[in-house]
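A.B. asks: The structure under discussion is supplied below as structure tokens; questions concerning it will follow.
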Amino acid sequence: GLMWGMIYLFPRLLDAITDPIMGFISDNTKSRWGRRRVYVLIGSIIMGVAYIFMWQLFKENSLEYNFWYFFFWSIIFYLGLTFFSVPYVAMGYEMSDDFHERTNIMAVAQWIGQWAWVIAPLFWLIMYDPEWFPSADVAARELAIWVAIPCAICAMIPALFIKSESTLNEDYEPLNLSNIGGSLTKIRDSFKEAFKIKEFRKLCLSTFFIFNAFNTVASLTFFVIVYKLFNGDAGASGVWVSLFGCLGALGTTFIVIPIVTALSKKLGKKKAFMICQSISILGYLMLYFLFIPGKPWLYILALPFFSFGIGSLFTIMMSMTADVIDIDELNTGKRREGTFGAIYWWMVKVGYAIAGALSGGIIWLVGFDSDLATIEQQGAVDGLHAFFCFFPMLGTLAAMFIMRNYDVTEKRASEIRSQLDKRKSLNNGVNTSFYGLNKLESLMSLKGKSSYLTDVKDDISLYELKSAFQKSLSSKLHGICFSPYREGQNVNQRLSGTQIDERMEVIAPYTSWIRSFSSRNGNELIPLSARSKGLKSMIGAWVSGNEAQNNLEIESLIDLAKKGQVDIAVVGNEVLLRDELPMEVIIDYLKRVKKALFNTPVGYVDAYYQFVDHPELIEICDVLLINCYPFWEGCAIGKSTAYLNEMYEMVKQVAGEKPIIITETGWPNEGSENLEAVPSMINAMKYFVNVTNWSKDKGVEIFYFSSFDESWKVHQEGDVGARWGIWDKDENFKY
């Protein structure tokens with residue numbers, strides 16, 4: 001009995017102690033292969049080798065020899081498990097920032113993991129079958145090899161095939177011997193910091209109660225089935241002990257995990273947890289009443305309900321832990337998947353060790369003796385059965401009580417993610433005086449973007465593409481950015497009403513709105529021309545570092561709006577992007593226009609990420625007007641719509657109830673390449689068709705940039721600057 005307790009307790013306690021140390025090491029590893037992969041590979045090899053040696057036990061050796069032999073290899077095996085499991089769990093946590101995708105990832109992992117619990121109980125059938133093996137000890141020695149090799153190979157897969165970025169240049173804690181020794185203090189501090197997060201405390205404690213109450217009685221399964229249902233005759237029990245574990249795992253695999261994943265998406269993670277644990281309580285009650293001697297098949301009816309307890313636990317809890325890690329990063333500025341994974345599983349493993357001791361305590365408490373038949377100790381058998389059903393119920397109820405106020409909803413998780421993205425954008429130190437290359441990448445760490453579902457095929461013929469372009473244009477755009485300047489003109493020259501009317505005549509059949517950028521030097525004639533063609537107008541006041549000119553622009557805009565010619569008033573275009581005015585001045589201008597105009601929506605236009613960086617802009621604007629250019633961020637055409645979608649979704653997450661309009665997006669047909677973004681006639685047409693399809697699919701209002709080519713922009717944007725129009729500089733249709 002003492003040897004059994006030591007074998008059950010000490011290796012698992014060692015595992016629980018070494019896990020946090022491994023978490024610290026994994027979180028701070030500098031390697032060309034990233035933080036996790038090397039340890040996963042090493043742990044896989046150690047576990048595979050140790051598992052084979054651990055079970056090479058022979059009856060002819062003494063009891064003491066076999067005990068110490070098994071004890072030693074158990075220690076090695078659990079050290080390998082620490083090397084493997086801590087970075088492996090962390091890899092799962094850091095795979096996604098998405099609230100629901102995290103649940104999907106954990107559900108898939110748990111689904112695959114459940115197959116071990118389906119298969120393992122079947123070993124009971126073959127180990128004692130003389131047609132398979134001459135004895136159980138021979139079976140253990142041979143099966144250990146056949147189990148260890150494929151499991152070790154499978155365990156290596158994350159190390160070999162999950163790509164990770166190099167961490168050689170990261171600012172991590174040094175991993176020298178003295179620092180690792182001193183890491184125990186850091187680990188203690190990490191524990192304290194982690195447990196300051198009340199949501200994480202709830203996750204750990206509720207998992208502790210559910211999982212370990214279950215494991216306390218799990219080792220009693222054999223005795224309850226054999227003695228309650230078969231009067232102590234193990235031979236007569238046949239397959240029923242194996243079926244209990246096997247069918248329970250199958251229920252988890254094909255019923256519980258799909259249901260809990262769906263419930264989590266529909267109702268939220270907390271509600272899904274509460275519902276699943278309530279179902280498990282019903283299952284435990286059914287097990288109490290359906291354990292009837294002579295009718296073992298009845299307990300099968302309870303297994304699908306019973307399986308909801310453990311079956312749903314780790315799918316939901318590990319997904320919730322990933323959400324909590326975001327809270328920790330917001331609080332501390334550190335990204336510590338390894339540490340949190342280690343702490344969470346420390347709670348599980350310490351409890352697992354305690355569960356082994358408690359199961360022995362229950363057997364002692366009820367006075368059960370495996371050498372006696374049921375009829376001689378009916379009370380003890382009934383006591384085991386009662387503990388088997390009601391002890392996990394108590395643990396489940398305690399966990400549900402703890403989780404009753406858990407409040408990390410999808411909305412809160414999105415808000416936290418948004419704040420982290422904003423912080424990362426500020427820390428990246430991107431120069432906002434120009435449209436940043438890969439800005440979206442720096443904000444959201446997007447990898448592997450693919451095409452959007454409404455995109456045209458990559459191999460579409462030129463004829464089909466031209467037809468799709470014409471169809472998209474003929475069905476009318478929401479809006480077009482109006483380009484008033486002809487060849488040889490620039491922004492300092494005054495425009496004539498005739499010129500504006502001629503250009504308005506060209507674009508009017510293809511749009512419902514136009515957007516202008518200034519309210520002076522002839523631009524004030526644009527809204528009246530648009531009205532004459534039945535178009536609505538978004539009219540801008542050009543704002544720069546020239547205060548006198550700004551005042552003239554703003555007064556002209558106010559005058560036009562009061563005449564009823566402006567549907568949306570815009571104060572400034574990409575002023576922050578050009579770094580021409582401080583935020584306070586822009587807000588003062590906006591307040592001035594809003595005070596003058598009561599019935600006209602007022603907004604400010606800038607690159608999408610400026611609204612993420614500056615929540616005060618969101619507060620002051622009636623409508624959020626964002627410019628989104630996958631081209632200027634170096635995005636390939638095949639991924640550009642998905643890229644645009646992420647730009648829009650990023651602002652949507654911080655917009656609250658404010659409407660969002662994309663005021664500029666487009667693609668040039670000629671000019672220099674910008675990383676993976678290639679100007680060409682084909683790409684410009686594809687982008688136009690894909691974006692118009694996307695806007696209709698998402699219900700997003702966009703102003704396409706631009707109506708006409710304007711040569712003067714070469715001086716500001718290089719050779720591509722003059723090639724953004726749907727029509728050329730002479731007002732001829734380009735496509």
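A.B. asks: Among the candidates SER178, SER183, which residue alone is of a type in the set (Ser, Thr, Tyr), at pLDDT below 65, surrounded by fewer than 17 Cβ atoms within 10 Å (Cβ to Cβ) and farther than 20 Å from ILE354 by Cα?
C.D. replies: After applying the criteria, what remains is SER178.
A.B. asks: To continue, here is another question. Answer yes or no: is there a residue in the range 437-452 that is in the same structural domain as GLN610 (by TED's automatic domain parsing) and modelled with pLDDT of 75 or more.
C.D. replies: Yes, the range 437-452 has at least one match.
A.B. asks: Continuing with this model, one more query. If ILE343 passes every condition in (1) in the same structural domain as LYS270 (by TED's automatic domain parsing); (2) modelled with pLDDT of 85 or more but one, which one does it miss?
C.D. replies: (2)
Residue-wise test of (1) among the aliphatic types (A, V, I, L, M); (2) crowded, with 18+ Cβ neighbours inside 10 Å.
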residue: VAL678; (1), (2): yes, no
residue: ALA684; (1), (2): yes, yes
residue: LYS698; (1), (2): no, no
residue: TYR704; (1), (2): no, yes
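A.B. asks: Could you check the range 375-404 and list, in sequence order, the residues that are more than 27 Å from ILE275 (Cα to Cα) and aliphatic (A, V, I, L, M)? If you could, list the steps in order and put the result at the bottom.
C.D. replies: Within the range 375-404, the subset more than 27 Å from ILE275 (Cα to Cα) is 375-384.
Selection gives ILE375, ALA380, VAL381, LEU384.
A.B. asks: Output the number of residues of the range 610-631 satisfying the condition of being buried (at least 21 other Cβ atoms within 10 Å of the Cβ) and either under 16 Å from GLY666 (Cβ atoms) or out of contact with any helix residue (DSSP H, G or I) (no Cβ under 9 Å at 6 or more places or on another chain) (or both).
C.D. replies: 7
A.B. asks: I've got another one for you. Go through the range 537-580 and give me each residue that's within 16 Å of ALA607 (Cβ to Cβ), in contact (Cβ under 8 Å) with a residue 40 or more places away in the chain and either assigned to a helix (DSSP H, G or I) or among the charged types (D, E, K, R) (or both).
C.D. replies: Within the range 537-580, GLU574, LEU576, LEU577, ARG578, ASP579 qualify.
A.B. asks: Does TRP727 meet the test of being at pLDDT 90 or above, in contact with a Ser or Thr (Cβ under 8 Å, 6 or more places away or on another chain) and not assigned by TED's automatic domain parsing to the domain that holds GLY603?
C.D. replies: Details: at pLDDT 90 or above: yes; in contact with a Ser or Thr (Cβ under 8 Å, 6 or more places away or on another chain): yes; not assigned by TED's automatic domain parsing to the domain that holds GLY603: yes.
So TRP727 fits the description; yes.
A.B. asks: Just need a number here: residues in the range 238-270 that are without any contact (Cβ under 8 Å) to a residue 40 or more places away in the chain and either more than 19 Å from ILE105 (Cα to Cα) or not in a helix (DSSP H, G or I) (or both).
C.D. replies: The number of residues fulfilling the criteria is 1.
A.B. asks: Another question, then. From the list SER512, SER516, SER529, SER483, which one is modelled with pLDDT of 95 or more and within 23 Å of ARG723 (Cβ to Cβ)?
C.D. replies: Numbers: SER512 fails: within 23 Å of ARG723 (Cβ to Cβ); SER529 fails: within 23 Å of ARG723 (Cβ to Cβ); SER483 fails: modelled with pLDDT of 95 or more.
Within the list SER512, SER516, SER529, SER483, the selection yields SER516.
A.B. asks: For the range 308-326, check the following and say yes or no: at least one residue is assigned to a helix (DSSP H, G or I) and in contact with a Gly (Cβ under 6 Å, 6 or more places away or on another chain). Step through it out loud before you land on a result.
C.D. replies: Taking the range 308-326 and keeping what is assigned to a helix (DSSP H, G or I), we get 308-326.
Filter once more, so that each one left must be in contact with a Gly (Cβ under 6 Å, 6 or more places away or on another chain): none.
No, the range 308-326 contains no residue that is assigned to a helix (DSSP H, G or I) and in contact with a Gly (Cβ under 6 Å, 6 or more places away or on another chain).
A.B. asks: Here is a list of conditions, (1) out of contact with any helix residue (DSSP H, G or I) (no Cβ under 9 Å at 6 or more places or on another chain); (2) touching a residue at least 12 places away in the same chain (Cβ under 8 Å); (3) not in a strand (DSSP E or B), and MET504 meets all of them except one; can you say which number that is?
C.D. replies: (1)
A.B. asks: Restricting attention to the range 371-386, and to residues there that are crowded, with 20+ Cβ neighbours inside 10 Å and in contact with a helix residue (DSSP H, G or I) (Cβ under 7 Å, 6 or more places away or on another chain), which single residue is nearest to LEU358 (Cα to Cα)?
C.D. replies: Within the range 371-386, the first condition is being crowded, with 20+ Cβ neighbours inside 10 Å, and the residues that meet it are 377, 381, 384-385.
With the extra rule that they be in contact with a helix residue (DSSP H, G or I) (Cβ under 7 Å, 6 or more places away or on another chain), the set shrinks to 381, 384-385.
Numbers: VAL381: 17, LEU384: 12, HIS385: 15 Å.
Filtering the range 371-386 for residues that are crowded, with 20+ Cβ neighbours inside 10 Å and in contact with a helix residue (DSSP H, G or I) (Cβ under 7 Å, 6 or more places away or on another chain), the one nearest to LEU358 (Cα to Cα) comes out as LEU384.
A.B. asks: Now for a separate question. Just a yes or no: is a residue in the range 295-316 in contact with a Lys or Arg (Cβ under 7 Å, 6 or more places away or on another chain), closer than 20 Å to LYS270 by Cβ and modelled with pLDDT of 85 or more?
C.D. replies: Within the range 295-316, the first condition is being in contact with a Lys or Arg (Cβ under 7 Å, 6 or more places away or on another chain), and the residues that meet it are 316.
Next, from what is left, pick out any that are closer than 20 Å to LYS270 by Cβ: 316.
After this cut, where a residue has to be modelled with pLDDT of 85 or more as well, the list is 316.
Yes, some residue in the range 295-316 is in contact with a Lys or Arg (Cβ under 7 Å, 6 or more places away or on another chain), closer than 20 Å to LYS270 by Cβ and modelled with pLDDT of 85 or more.
A.B. asks: Assuming GLY379 fulfils every condition listed in (1) under 26 Å from GLU410 (Cα atoms); (2) more than 42 Å from the chain's Cα centre (by Cα) apart from one, which condition is it?
C.D. replies: In the conditions (1) under 26 Å from GLU410 (Cα atoms); (2) more than 42 Å from the chain's Cα centre (by Cα), GLY379 misses (1) alone.
A.B. asks: Looking at the range 491-498, can you tell me whether even one residue there is surrounded by fewer than 19 Cβ atoms within 10 Å (Cβ to Cβ), closer than 26 Å to SER544 by Cα and in contact (Cβ under 8 Å) with a residue 40 or more places away in the chain?
C.D. replies: As a first pass, look at the range 491-498 and keep what is surrounded by fewer than 19 Cβ atoms within 10 Å (Cβ to Cβ): 491-494, 496-498.
After this cut, where a residue has to be closer than 26 Å to SER544 by Cα as well, the list is 491-494, 496-497.
After this cut, where a residue has to be in contact (Cβ under 8 Å) with a residue 40 or more places away in the chain as well, the list is 491.
Looking through the range 491-498, at least one residue is surrounded by fewer than 19 Cβ atoms within 10 Å (Cβ to Cβ), closer than 26 Å to SER544 by Cα and in contact (Cβ under 8 Å) with a residue 40 or more places away in the chain.
A.B. asks: A follow-up question, please. Just one of PRO615, PRO679 is over 23 Å from LEU590 (Cα atoms) and either out of contact with any strand residue (DSSP E or B) (no Cβ under 7 Å at 6 or more places or on another chain) or among the polar types (S, T, N, Q) (or both); which is it?
C.D. replies: On the way: PRO615 fails: over 23 Å from LEU590 (Cα atoms).
The unique qualifying residue is PRO679.
A.B. asks: Report, by residue number, each residue of the range 610-631 that is in contact with an Asp or Glu (Cβ under 9 Å, 6 or more places away or on another chain), in a helix (DSSP H, G or I) and within 14 Å of MET650 (Cα to Cα).
C.D. replies: Those that are in contact with an Asp or Glu (Cβ under 9 Å, 6 or more places away or on another chain), in a helix (DSSP H, G or I) and within 14 Å of MET650 (Cα to Cα): GLN610, VAL612.
The values are calculated or read from the model by the stated rules, or taken from the named source; none is laboratory data. Computed from a predicted model, the values in this text were never measured in an experiment. As a convention, Cβ positions derive from the backbone with ideal geometry for all residues, glycine included, and neighbour counts pool all protein chains shown.
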